[in-house]
Every structure is written in C-alpha cells, then in structure tokens.
Amino acid sequence: MVVGNNKRIWIPQLLKIRTGTGRLRGLRFVHTHLGKEPLSREDMTDLVLIGLDLMGCIEVDHEGVPGPISYGHFLPGDRTGKGYVVQRVQDMGRLKVDFIQLIQSLEDELSRKWLGRSFKTRERALLVGATTGAKWAEEESLNELEALAVSNEVEVAGKVVQRIKGIDTRFMMGRGRLGELVLHCLQTGADLLIFNQELTPAQVKSLTDFTEMRIIDRSQLILDIFSRRAVTREGKIQVELAQLNYLLPRLATKNTAMSRLTGGIGGRGPGETKLEINRRRVYERIAKLNRDLAGIGRQRQGRRRLRKRRELPVISIVGYTNAGKSTLLNALTGSHVHTGNRLFETLDPSSRRLRFPREREAIITDTVGFIRDLPRSLMEAFAATLEEFNDSDLLLHVVDASGKRMEQEINTVEDILRKLDLTEIPLLLVLNKCDRLKTLEARMLQKRTGGVTLSAIHPPTLKPLVSRIEKIIWRHSSSP
Ligand SMILES: Nc1nc2c(ncn2[C@@H]2O[C@H](COP(=O)(O)OP(=O)(O)OP(=O)(O)O)[C@@H](O)[C@H]2O)c(=O)[nH]1
Ligand SMILES: [Mg+2]
C-alpha cells in the first residue's frame with residue numbers, strides 16, 4: 001500500500017529480483033487518478049521499468065465515487081511496436097476479466113520466447129546511440145558498433161538512436177526514453193544494452209539499477225573482442241591490463257552493476273571472481289602484469305637490436321581494422337596469417353621477409369588495427385607493440401577504398417599516427433579492395449590521394465605497390 005498526493009505516487013524501491021527470465025514480478029499496481037484521466041504514459045513507463053504484471057487505475061470523482069477503470073500490461077507478440085496495451089472499462093461493475101488467467105497466459109508467452117532463445121548460446125543485444133548531434137551521423141556510427149558486436153558473436157536485436165537535449169549525468173537520457181528501450185528489449189528478447197557512448201561508472205550503476213538489464217558500452221565491447229582474440233602471452237597480458245585499468249574506477253561502485261558484468265561480455269579475461277576482489281588486489285595484479293610485460297619487452301628489445309644489426313629495412317602495415325592489412329601481408333610474402341571479415345581479427349604482430357628483385361630484402365610487419373575512439377586503456381596497454389612502429393623505414397597505410405566511411409577511417413588512422421609521433425616516417429597510402437570499385441573511380445581516387453590502388457586478394461595487382469616501396473626505401477642507393 002502506497003500513499004501519494006493529488007499529483008503523483010512515488011513507488012518505493014522494490015526488491016531487485018526478477019523472478020526469472022520469462023516471468024513477471026508477480027505484482028499488480030492498482031491506483032486511483034483524481035483528475036478523471038486514464039492511464040498515462042508515465043504509468044506505462046513504470047509498468048515497464050518496474051516489470052509489473054499489470055498497471056491499473058481507477059478514475060475517482062470529487063466525491064470519491066469510482067468511475068471508469070483502465071488497465072495496461074505487456075503484449076509480448078505485439079506487432080504495432082508499442083509492446084503494451086491499455087484497456088478501459090466504463091464502470092468497475094462491468095469489469096469481467098480473469099486477471100490470474102490473463103497474467104498466466106502472458107507469462108506463458110514470455111517464457112516461450114525466452115525458451116526459444118535459451119538454446120542459443122549467443123547474447124542478444126539492443127544497440128543504443130544517444131546523441132545531441134545529427135541523427136544520421138549516429139546511425140552511421142551505430143553501424144560500426146553493430147560490426148563490433150557481430151565480430152564478438154553478439155546477435156543484434158535492434159539499433160536505436162535517441163536524440164537527447166543534453167547528456168543526463170545519471171541516465172544518459174530521460175526516464176520515458178529508457179522505458180522505451182527496456183520495452184524494446186522485452187519485445188525482441190534482448191538481454192543486453194550496448195551504448196555507443198562511453199558511460200561513467202555512475203551511469204552504468206544507475207542505468208543497471210533502473211533497467212535491471214545488463215549494460216555495457218562500446219569500450220567494453222572492444223575490450224571483450226580483444227580478450228577473445230589474444231593468443232600470445234604478451235597479447236593476453238596487454239588485454240588483461242587494459243581490462244583491469246578500465247575496471248578500476250568501476251570497482252568503487254560494487255553493486256548489481258558489477259555482478260551483472262560478470263556473465264558474458266565484460267566478464268571474460270579478468271574472470272568473474274576477480275571482479276569482486278578489492279582494489280588493492282587489482283593494483284597488485286596490475287603491478288605484476290606490468291613487470292611481466294617489461295620482461296617480454298626486454299626480449300623484444302633484443303629482437304629489435306638483432307633486426308637492426310642485420311640492417312634490413314622495416315616496413316610496417318598500419319590501418320583501420322578490417323582494411324585488409326593481413327591479406328596484404330599474405331599476398332606480398334606468400335604467408336598465411338589469419339584474415340577474416342570481422343573487426344580486430346589480428347591482435348598479435350607478425351613479421352615476414354619481403355623479397356624484392358635484385359636480392360633486396362625487407363622485413364614487413366602486420367599488427368593490430370585501429371578504430372575510432374580506441375579505449376585509452378587499450379592504447380596504453382598496447383604501447384609497446386605500437387612503439388615498434390618507430391623502427392619503421394616505411395609505413396603502409398592500408399585503406400578499405402570500397403567502404404562508405406573511407407575518409408573518416410583515414411582521418412582516424414592519421415590522428416592516431418600523429419598521437420604516436422610517427423609523422424616523420426615516410427608513409428604510403430594503399431587503397432585496397434579496388435576490385436569493388438569501377439576502374440575510373442579507382443583511378444580518380446589514386447590521383448586525388450596520391451596512393452596506390454590494388455586489391456590484396458588479387459596478387460597480380462600488387463606490382464605497382466612493390467615498385468613504389470622499392471623506390472622509397474632504396475631511393476638513395478643506386479641499383480647494383
Ligand atoms: N573484396 C576484397 N576483399 C578484401 C580485399 N582485401 C581483403 N579483403 C577482405 O577483407 C576482410 C578483412 O581482411 P583482413 O586482411 O583480415 O583485414 P585486416 O586489416 O588485417 O583486419 P584486422 O586484423 O581485423 O584489423 C577479409 O574478409 C578479406 O578477405 C580486397 O582487395 N578485396
Ligand atoms: Mg589483420
């Protein structure tokens with residue numbers, strides 16, 4: 001029993017336990033409206049966010065005589081997109097609904113939906129972009145988030161752009177908007193919300209408490225992909241470091257948000273139990289990982305010295321993720337580095353010998369790709385790997401010339417190269433995937449950018465690149 005005033009009722013924090021997937025909470029909320037108005041939007045938001053079985057309201061007149069009654073509930077199979085229905089009966093006496101039966105059938109339907117999906121091991125996520133800017137720009141950006149999710153074997157249940165007036169420091173967006181998102185998840189069977197914007201620890205906490213959904217942001221998704229892909233000891237250490245550094249500020253808010261992080265995405269790597277350990281243990285672990293990394297770094301230094309002594313020129317392949325860097329390395333050197341149409345296929349660097357005519361040789365290295373807004377903790381953890389670029393005599397900047405986001409991707413990579421202080425090293429733009437362009441288009445692009453067009457999946461197209469590389473590296477020495 002809750003008492004409010006003539007304007008509204010504050011529903012106290014209910015026990016934060018959902019009875020289980022596919023079940024409602026077992027609570028109906030019946031209240032009175034004094035202004036003779038039926039269920040409001042606000043009421044329905046409460047229904048969704050609290051996860052009530054049913055929201056009912058009785059319209060009461062000045063004398064306190066009850067009039068019409070309206071009730072609303074979820075509608076799992078609703079195709080209109082609203083996700084709920086509201087019914088209104090003129091007077092209470094004529095209300096002939098068996099509510100127990102109604103709710104039973106709703107639960108049956110809900111659990112059928114959940115049962116259908118519990119055989120699948122993949123997570124289903126709703127992607128959310130909250131922006132104060134242009135809608136189309138956010139939609140573009142959500143496409144990349146989708147590619148990230150798919151690369152991490154997450155099923156995408158839908159993408160939603162929410163235009164907001166300003167960033168709400170607690171919830172990112174208004175309560176009503178949040179309610180819509182939760183509803184969308186219930187309808188599509190999504191159990192995870194992925195935000196395209198970086199969330200503060202406080203935001204994750206309040207959003208999780210409020211929606212009772214698992215919530216992660218883009219950075220966390222990227223960290224998770226990295227932890228799936230890491231193979232070598234160094235790669236694994238780097239990723240764990242990045243994850244711990246990301247988690248550190250979030251450990252202060254030990255709560256549901258944290259325990260919700262432990263399953264699936266975000267729970268990989270440092271491991272479930274480690275998330276619960278206190279900050280001191282995390283600091284200790286970080287220190288140990290840094291020591292291990294330094295040890296590996298010394299070996300790396302040794303390798304670098306050796307390479308220098310042999311005086312072979314070093315070519316480094318850089319570029320946006322999925323541009324075709326590894327495919328190019330394979331095509332140039334006849335090797336078999338893993339390639340694949342997903343983001344961050346490559347994490348660990350591989351170096352190969354590249355032979356030119358006239359007995360000339362160079363070392364060519366392929367490494368981790370870049371992405372817009374790479375989480376800072378990852379940049380820091382991969383600093384040693386990225387530092388190796390400093391030894392390069394030439395950077396090959398591989399671009400997916402067939403992609404819609406080519407210009408932005410080039411800018412992103414150039415930004416990162418500037419941050420890494422690599423602008424002094426000669427750079428050659430490699431316009432890849434030109435098999436997907438018309439010949440004229442490719443020629444114009446080549447002219448405009450001064451790059452080399454090719455298609456890494458068709459090795460014969462690589463000849464111009466090889467001779468450009470030769471010219472740049474051995475420009476000073478005359479041919480033997
Ligand atoms: N059509 C076409 N596809 C290509 C070309 N080069 C690479 N690809 C494809 O693009 C996808 C990505 O290639 P990768 O070589 O793995 O790309 P990467 O830059 O190493 O990507 P990450 O390691 O994930 O950063 C693969 O499916 C390749 O087969 C090309 O010239 N034309
Ligand atoms: Mg690769």
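Just so you know, all these numbers are worked out from the coordinates, no wet-lab data involved. Every value quoted in this text rests on a predicted model; they were computed, and no experiment measured them. Glycine also receives a Cβ, built like all others from the backbone with ideal geometry; neighbour counts cover every protein chain displayed.
Each Lys or Arg adds one and each Asp or Glu takes one away; over the other residues whose Cβ falls under 13 Å from the Cβ of Asp61, this sums to -3.
If you take all other residues with their beta carbon under 13 Å from the beta carbon of Ser40, and give Lys and Arg +1 and Asp and Glu -1, the sum is +1. Close amide H contacts of Ile164 (hydrogens built in the peptide plane, cut-off under 5 Å, sequence separation of 5 or more or a different chain): Thr131, Thr132. For a test of the definition: using alpha carbon positions, the gyration tensor, and the 1.5 limit on a/c, classify the chain as rounded, prolate or oblate. Verdict is prolate for the chain.
Amide H to amide H distances under 5 Å link Leu427 with Leu395, where only residues 5 or more positions off or on other chains count and H is placed in the peptide plane. Judged by the gyration tensor of its Cα atoms, with axes a ≥ b ≥ c, the range 358-480 is oblate; a/c meets the 1.5 cut and b/c is at least as large as a/b.
Were the residues from Lys288 through Asn143 laid out at 0.36 nm apart, the gain over their Cα-Cα distance would be 48.4 nm. Measuring r between the beta carbons of Thr169 and His336 and using R0 = 56 Å, the FRET efficiency lands at 0.65. Only helices enter the 222 nm calculation for the chain: every DSSP H run of n ≥ 4 contributes -39,500 (n - 2.57), and dividing by all residues gives -13000 deg cm²/dmol, rounded to 500.
Taking a ≥ b ≥ c as the square roots of the eigenvalues of the Cα gyration tensor, an a/c ratio of 1.5 or more together with a/b no larger than b/c marks the range 421-466 as oblate. Sorted on the mean count of surrounding Cβ atoms within 10 Å across their residues, most packed first, peptides 349-360, 87-98 read 349-360, 87-98.
Against the chain, whose longest principal axis is taken from its Cα atoms, helix 406-419 shows a tilt of about 70°.
Only beta bridges with both residues in the range 108-250 are counted; by DSSP, about 5 percent of them are antiparallel. Segment Asp391..Arg355, full-extension length gain: 11.1 nm, with 0.36 nm per residue of separation and the alpha-carbon distance subtracted.
For the peptides 163-175, 294-306, 136-148, residues were scored by their other Cβ atoms within 10 Å and the scores averaged per peptide; the highest-first order is 136-148, 163-175, 294-306. Under Stokes-Einstein, with the Kirkwood radius over Cα pairs as Rh, the value for the range 322-430 at 4 °C and 1.567 mPa s is 88 µm²/s. Considering the range 136-219 at the alpha-carbon level, its Rg and Dmax are found to be 12.2, 33 Å. The packing ranking, built from the mean of other Cβ atoms within 10 Å per residue, places the peptides 207-218, 387-398 in the order 207-218, 387-398, highest first.
The long axis of helix 175-188 is offset from the longest Cα principal axis of the chain by roughly 80 degrees.
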